[in-house]
Amino acid sequence: MKTIAPGRVPKTTTNTSSRVLNFRASWLLHLFLLAYALVTLYPLLWLFISSFKSNQEFFGSPFALPSVWQFENYTRAWEIGGIGKAFLNSVIVSVLSLVLTLFLGTLTAFIVSRLNFRFKGFIMMLFVLGMLIPIHSTLVPLFILMKSLGILDTYASLILPYTAFELPIAVFVIAAYLTSVPKELEEAAMIDGNGYWGIFYRIIVPLAVPAMATVSILGFLRFWNDFAFALVFINKQALKTLPLSLSMFSDGYGTDYSLTMAAMSIAVIPTIIIYLLFQNQIMKGMVAGAVKG
Amino acid sequence: MAFTNRLRSFIIIGLLPALTIYLLFVIVPILWSAYYGFFDWKGIGAARFIGLDNYAEALKDPIFWRALKNNLIIVAASILGQLPIALLLSLILRKSTLFHRFVRSAVFMPMVVSSIVIGLIWGYIYHPQIGILNVLLEQIGLSSWIRDWLGDPSINMYSVSAPVIWANIGPYLIIFLSAIQNISSDVEEAAKIDGAIKGKWLYLIVIPMIWDTIKVAIVLCISGSLKAFDLIFVMTGGGPAQSTELLATYMYNNTFEIYRYGYGSAVSTLIIIISMILVLGSQVLMRKRGME
């Protein structure tokens, strides 16, 4: 695994081979790449275009642009389809899980990267172990556990496992970042009369902000898109998150395709915006996370 | 002395909440599922200890083996679909021009889209009556190719593999791109002077030089394929007639549709064991190949 420079997103190298290619071949290559990119993007484009169509147009001319852009599909999905409520649930669950993950992850990363104690190696090994566990194999025992804790069908039944499963990545990313920072800072702070908590809040947290940003972006995408936990732990209509509501949508509004398409677009748009803003961090982070796990 | 005591109490208080949540929700469940696997339990009432019966029943159930085979089909589709496409793209997408960056972003984009939405979109693409794939085939005069893509048990595993491949090329493209950039341009120049033509350059130089990376990618395909649950769940739910059942949907259906918690726990434990065997096994095999 050492051959991969961890999380390096490719930068330019002077491309020597393209000099050999003649002009025409290079155009063919561009055409091929453009076609490939469009084929890749088409399912998503089709989703967004269809979300503005009327139901008749959805059937009659599936490949055409809408003749009239039906923006009310979105308002109907938001209000009648209950997507507004699901959106709010997804925001609440994702944000609370993120706050908890960041606080616990940064604190743990501070302790394991800057302080010395006996069981450090063992604790790190436990976190590695967690990254190897297929998430779906924990559904049944977690269901039983939450039932006996009495937290099934609450926000906590999502927030706690989301945080637990995101902690290993958070600890590794933040700890890796903190080890690159010189220790003199803390020693100076210590002499100034700060306790360990003071050092954590005044020195470590501000230092770790860039690593915490990466953890937030990746964590948000995971929490926002999670389906399996929501499917098993949430039953109340009022608590359903976006992916869970959407999966039930095709039953309830099976024939109202434009409504379903608008609902799906509402779920996807925030993740696409975040992707467009933080592309490089997302690519780096997802690759590094996958390679470590 | 006061100093070390303060350090010790800070470490304990600081680690306690994170470790509690982590152990309770990640590590303990695995042990629990191994334990409940020994019981006949419907979720309510008393659990009856039945030893290894659940495990034996799973291993005797042909549907369990079909689910395992379907999991392996997804693994094969990932390795044979994602890796060659990602490798090919990484060879031509090495520049940092706006256009190349655009194509890279496009290829990576499905990674951030909810797998439920991906499953639903592809469900519409494959739909036997209104699906755009069949409409397209009809419009271009290939009506004979029209199929019930998700309903026909002889092809539906391949149909569900397509979105799995489509959605997951991005990370492999990035992995291969950074590996290829580590090949020094000297090697490339030398190859060119030697007159190596494009195809040979790929086989003789690039693939051997990034072989370690390809091995990592294969291991990732194996562990990643276990995550196909969401997609298959919304597209087919494991049906029709359990023809697209995966280990995870098999576990889900047995536990939460017919309330056999003990059996579901046993299957969960088997999933962990199988995935460990697959991942560790592939790593061992790869290491041997690499030493030759």
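The values are calculated or read from the model by the stated rules, or taken from the named source; none is laboratory data. Predicted, not measured: the structure shown is a model, and the values here were computed from it. For neighbour counting, all protein chains shown are included, and Cβ atoms are generated from backbone atoms with ideal geometry for every residue, glycine included. Side chains included, ligands, DNA and RNA excluded: accessible areas come from the protein's heavy atoms. Shrake-Rupley method; radii C 1.70, N 1.55, O 1.52, S 1.80 Å.
Tabulated data for the structure shown
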{"quantity": "Where a residue in segment B:124-142 is within 19 Å of B:Ile155 (Cα to Cα) and its partner, wherever it lies, is acidic (Asp, Glu), with Cβ under 6 Å and at least six apart", "calculated": "B:Pro128/B:Asp148"}
{"quantity": "Residue, farthest from B:Val164 (Cα to Cα), within segment B:208-246, restricted to residues that are among the charged types (D, E, K, R) and under 16 Å from the mean Cα position of the chain (by Cα)", "calculated": "B:Lys215"}
{"quantity": "Among the candidates A:Leu33, A:Leu88, residue that is open to solvent by less than 30 Å² (accessible area, probe 1.4 Å) and either at pLDDT 80 or above or charged (D, E, K, R) (or both)", "calculated": "A:Leu33"}
{"quantity": "Identity of the residue in segment B:5-42, open to solvent by less than 90 Å² (accessible area, probe 1.4 Å) and more than 10 Å from chain A (Cβ to nearest Cβ), that ends up modelled with the lowest pLDDT", "calculated": "B:Asn5"}
{"quantity": "Residue check for B:Gly45: more than 14 Å from every other protein chain (Cβ to nearest Cβ), loosely packed, with under 15 Cβ neighbours inside 10 Å and more than 30 Å from A:Ala175 (Cα to Cα)", "calculated": "no"}
{"quantity": "Subset of segment A:87-141 (residues that are among the β-branched types (Val, Ile, Thr), touching a residue at least 60 places away in the same chain (Cβ under 8 Å) and within 30 Å of A:Ala238 (Cβ to Cβ))", "calculated": "A:Ile92, A:Val93, A:Thr101, A:Ile135"}
{"quantity": "Scan of segment A:137-185 for residues that are open to solvent by 50 Å² or more (accessible area, probe 1.4 Å) and of a type in the set (S, T, N, Q), ordered by number", "calculated": "A:Ser148, A:Thr179, A:Ser180"}
{"quantity": "Subset tally (residues that are more than 7 Å from every other protein chain (Cβ to nearest Cβ), without any contact (Cβ under 8 Å) to a residue 12 or more places away in the chain and under 16 Å from B:Pro171 (Cβ atoms)) for segment B:90-107", "calculated": "0"}
{"quantity": "Options B:Thr244, B:Thr249, B:Thr213; residue that is under 28 Å from B:Ser114 (Cβ atoms), open to solvent by less than 10 Å² (accessible area, probe 1.4 Å) and either at the interface with chain A (Cβ under 10 Å from one of its Cβ atoms) or of a type in the set (A, V, I, L, M, F, W, C) (or both)", "calculated": "B:Thr249"}
{"quantity": "Hits in segment B:252-269 (condition: touching a residue at least 24 places away in the same chain (Cβ under 8 Å) and more than 7 Å from chain A (Cβ to nearest Cβ))", "calculated": "B:Tyr259, B:Arg260, B:Gly262, B:Tyr263, B:Ala266, B:Val267, B:Thr269"}
{"quantity": "Unique match (being within 30 Å of B:Arg104 (Cα to Cα) and either within 13 Å of chain A (Cβ to nearest Cβ) or open to solvent by 40 Å² or more (accessible area, probe 1.4 Å) (or both)) among B:Leu83, B:Leu72", "calculated": "B:Leu72"}
{"quantity": "In segment A:163-177, the residues that are within 14 Å of another protein chain (Cβ to nearest Cβ) and not polar (S, T, N, Q)", "calculated": "A:Ala164, A:Phe165, A:Glu166, A:Leu167, A:Pro168, A:Ile169, A:Ala170, A:Val171, A:Phe172, A:Ile174, A:Ala175"}
{"quantity": "Filter result for A:Pro270 (within 24 Å of A:Met131 (Cβ to Cβ), surrounded by fewer than 21 Cβ atoms within 10 Å (Cβ to Cβ) and not small (Gly, Ala, Ser))", "calculated": "no"}
